[in-house]
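The values are calculated or read from the model by the stated rules, or taken from the named source; none is laboratory data. The structure displayed is predicted, hence computed values, not measured ones. Cβ: placed from backbone, ideal geometry, glycine included. Neighbour counts: every protein chain shown. In case anyone asks, the SASA skips ligands and DNA or RNA and just uses the protein heavy atoms, side chains included. Shrake-Rupley method; radii C 1.70, N 1.55, O 1.52, S 1.80 Å.
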Amino acid sequence: MTLTMPTADPAVLARRSEIVAALRTIVPGEGVIEHPDGLKPYETDGLTAYRQPPMVAVLPETTAQVAAVIRWCWDNDVRIVPRGAGTSLSGGALPLEDGVLLGLSKLNRILEVDYVDRVVVAQPGVTNLAITRAVEADGFYYAPDPSSQIACTIGGNVAENAGGVHCLKYGLTTNNVLGVEFVTAAGDVLRLGGRGLEPPGFDLLGLVVGSEGLLGIVTEVTVRILPKPESVRALLIGFASVEDAGRCVAAIIAAGIIPAGMEMMDRPAVQAAEAFVHAGYPLDVEALLIVELDGPATECTFLVDRVEEIARANGAASVRASTSDQERNLFWAGRKAAFPAAGRLSPDYYCMDGTIPRRRLPDVLGRIRALSDSYGLGVINVFHAGDGNLHPLILYDANQPGQLEQAESFGADILKICVEVGGVLTGEHGVGVEKRDLMPVMFSAADLDQQKRLKCAFDPKLLLNPGKMIPELHRCAELGRMHVHGNELPFPDLPRF
Ligand SMILES: Cc1cc2nc3c(=O)[nH]c(=O)nc-3n(C[C@H](O)[C@H](O)[C@H](O)COP(=O)(O)OP(=O)(O)OC[C@H]3O[C@@H](n4cnc5c(N)ncnc54)[C@H](O)[C@@H]3O)c2cc1C
C-alpha cells in the first residue's frame with residue numbers, strides 16, 4: 001500500500017458511541033451498522049488493494065434522512081464517504097477510519113418514467129442497467145453502459161461521470177443527465193438542472209457530474225432515455241499490426257462515421273478472451289477491432305459496407321459482419337469478458353484508465369509493451385478505441401513481495417505517458433485515491449489551487465470524501481496563502497486533507 005489516507009482524528013474516534021447513537025435517531029432499525037462483521041463489506045471497493053473499515057456505516061432510505069445525517073455530521077465535524085455499489089476502480093468509495101460511510105443503496109426506486117419528455121427519474125441507488133430494464137419493453141434505453149452496469153448505481157455513475165462502449169456516439173453520463181437533487185455538505189437540499197436542455201445560471205450540474213462525492217450527495221437523478229435503434233450490426237476486424245488497426249480507427253472517424261461503439265483488443269487480450277468465452281475470435285491477429293453501427297436498417301447496411309471498405313483499405317487481415325443479434329452478442333461477449341479473462345491469467349490484475357489522442361495508439365501501445373518487459377509484468381490491452389480511452393490490465397501477484405508496488409509504478413508510468421502525448425490521466429474511472437498524487441503531472445499549481453477553491457466553496461469544512469481526487473488539500477482558510485519557513489508548517493497538528 002503506497003498511497004496515504006488522511007490520518008484518523010483520535011477525538012472523533014473517542015466519540016464513536018455518541019456518533020452511532022445520534023445516527024440511530026436519524027436512521028432507525030438496521031440502517032446503522034457498527035459491528036466489525038457488518039462493516040467488512042464496506043472496507044474496500046473495486047480498487048481492492050486498499051482496505052479500511054469505516055467507523056460506522058449508515059444506510060438512509062430517504063432524501064430527508066440523507067440530509068439529516070449530513071447536517072448532523074456538519075454540526076459535529078464528522079467526515080463522510082458516500083458509496084453507491086462500491087465498484088469504483090480508483091478507490092473513490094474507500095472508507096475512513098474516523099468517517100461515516102454513507103451508503104445510498106437503499107434509495108433504489110425508479111420514481112418516474114416519462115416518454116413525453118423522454119426521461120427517467122431515479123433514486124441514486126438504482127443500478128445503471130435497471131433504468132434500461134424499466135423502459136426496454138416500450139422500445140427505449142439508457143445509453144451510457146459501463147461494463148459494470150449490472151451492479152453500479154446511477155448515483156455512482158453521476159459522481160464518476162461513467163462511460164461505456166456506447167458513449168462514443170451517445171455521450172458520457174454528463175451528456176445524458178438532465179438534473180439532480182443534491183444535498184450540500186451542510187445538509188441543504190438543492191435541485192440542479194431539470195428536464196430542459198439549458199437551465200439558467202451557473203452550470204452547477206456540470207460541476208457535480210464527475211465530482212466523485214467531494215461536493216455533495218446526489219439523491220435523485222433525471223436521465224435522458226433514447227428510442228432503441230431499428231437495426232444494430234457489428235463487425236469483427238482482425239489486423240496483422242496494431243498500427244494498421246490504429247490507422248483504421250482514425251480513418252473511420254475521418255470518414256464522418258461515428259460508430260455506436262468501437263473497441264480494440266491487443267493479441268494477449270484476444271487470446272485470453274477467446275480461451276475464456278469462445279467468441280470465435282481470430283487467434284492469428286495482433287489487434288482486433290469490434291465496430292458496432294446502429295440506425296435505420298438501410299443506413300446500417302450502408303455503414304457496414306463502408307466500414308468494411310475502410311478496414312480493407314487499411315490492411316485488415318479478416319472482416320466478419322454480424323448477420324444476427326446472436327452473432328453480434330457473441331462478438332461482444334469476448335470483449336465484455338476481457339477483465340475476468342485476465343483474472344484467469346494471473347492471481348491479480350490492476351486496471352489502468354487513461355486517455356490519449358487516437359493517432360498516438362500504436363506509439364503508446366509500443367511503449368506499454370516496453371514497460372511490461374522492463375517491469376517483468378504482463379499486460380493485456382482492451383480499450384475504447386474510438387475515444388482513445390486505454391484500459392491496460394497489468395498482471396501481478398499480490399502475494400509476491402513488492403509486486404503490487406511494481407504494478408502501481410508501472411501504472412503510474414503509463415498515465416504519465418498518456419499526459420506526455422497530449423492525453424489525460426483518466427478516461428472514465430475517476431481520480432479517487434488511485435490517481436490523486438498524479439494530479440500534478442497533469443495540472444499546474446494554479447490549476448490545482450482553483451480546483452481546491454471550488455472544493456472549499458462547496459465544502460468549507462472538508463468533510464466530504466477527503467483524501468480523494470485533490471492532492472494535499474489544506475484547510476480552506478490557508479488556501480493560497482500558506483507561508484512555510486525553514487520547512488516548518490504552520491499549525492502542524494492540523495490534518496492537511
Ligand atoms: C468490472 C468493472 C468494470 C467497470 N467498467 C466501467 C466502464 O466500462 N466504464 C466506467 O465508467 N466505469 C467502469 N467501472 C467503474 C465503476 O463501475 C464506475 O465508476 C461506477 O460509476 C461506480 O458506481 P458505484 O455505484 O459502484 O459507485 P461507488 O464505487 O460506490 O462510488 C464511486 C464514487 O462516487 C461517489 N458516490 C457514489 N454515490 C454517490 C452519490 N449518490 N452522491 C455523491 N457521490 C457518490 C463515491 O464517494 C465514490 O467517490 C467498472 C468497474 C468494474 C468493477
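Brief remarks on what is shown
- Its convex hull of Cα atoms gives the chain a direction-averaged projected area, equal to a quarter of the hull surface, of 24.3 nm².
- For residue 115, the accessible surface of its heavy atoms amounts to roughly 80 Å² (probe 1.4 Å, protein chains only, rounded to the nearest 10).
- Mean separation of Cα contacts under 8 Å (6+ apart) over length of the chain, as relative contact order %: 14
- Net charge contributed by nearby residues that have their C-beta within less than 11 Å of residue 331 (K/R +1, D/E -1): +1
- Tensor-based shape of the stretch 241-345 (alpha-carbon gyration tensor, a/c under 1.5 rounded, otherwise prolate or oblate): oblate
- Extent along principal axes [Cα atoms of the stretch 295-372; Å; largest to smallest]: 45, 29, 23
- Cysteines having no other Cys beta carbon under 4.7 Å from their own, within the chain: 73, 152, 167, 248, 300, 351, 418
- Viscosity 0.692 mPa s, 37 °C: Kirkwood-radius Stokes-Einstein D of the stretch 171-234 over Cα pairs, µm²/s: 251
- Model label points for residue 257 and residue 110, set 7 angstrom from Cα along the Cα-to-Cβ axis, are 3.3 nm apart.
- Charge dipole of the stretch 253-391 about the Cα centre (unit charges at C-beta), most positive-ward option of 311, 301, 352: 352
- The magnitude of the dipole of the chain, with charges of +1 and -1 set on the Cβ of Lys/Arg and Asp/Glu and taken from the Cα centre, is near 280 debye.
- The stretch between residue 241 and residue 35 holds 68.7 nm of extra length on full extension. This uses 0.36 nm per residue minus the Cα-Cα distance.
- For a paramagnetic label modelled on residue 202 (point 7 Å from Cα along Cα→Cβ), amide N atoms under 20 Å away belong, within the stretch 156-185, to 159-161, 174, 178-185.
- Built amide H within the under 5 Å cut-off of residue 179, gap 5+: 194, 222
- Estimated distance in nm for a label pair at residue 298 and residue 231, the labels positioned 7 Å out from Cα along Cα-to-Cβ: 1.0
- In the stretch 315-417, the inverse of the mean reciprocal separation of distinct Cα atoms equals 15.0 Å; this is its Kirkwood hydrodynamic radius.
- Computed from label points 7 Å out along Cα-Cβ, the spacing between residue 325 and residue 278 is 2.4 nm.
- Once the gyration tensor of the Cα atoms in the stretch 138-188 is diagonalised, the equivalent ellipsoid follows with semi-axes of 23, 12, 11 Å, ordered largest first.
- Heavy-atom accessible area, probed at 1.4 angstrom with all protein chains present, ranks 51, 16, 436 as 51, 16, 436, highest first.
- Cβ-derived FRET efficiency at R0 30 Å, residue 64 paired with residue 118, nearest 0.05: 0.55
- Using the Cβ-Cβ distance between residue 373 and residue 318 with R0 set to 25 Å, the FRET efficiency from 1/(1 + (r/R0)^6) comes to roughly 0.30.
- Using 0.36 nm per residue and subtracting the Cα-Cα separation, the extra length available between residue 443 and residue 478 on full extension is 10.6 nm.
- Mean Cα-pair separation over length for the stretch 323-445, i.e. relative contact order, pairs under 8 Å, 6 or more apart, %: 29
- Nearest-0.05 FRET efficiency for residue 424 and residue 75, computed from C-beta distance (R0 41 Å): 0.60
- Relative contact order of the stretch 139-271, pairs being alpha-carbon contacts under 8 Å that are 6 or more residues apart, as %: 30
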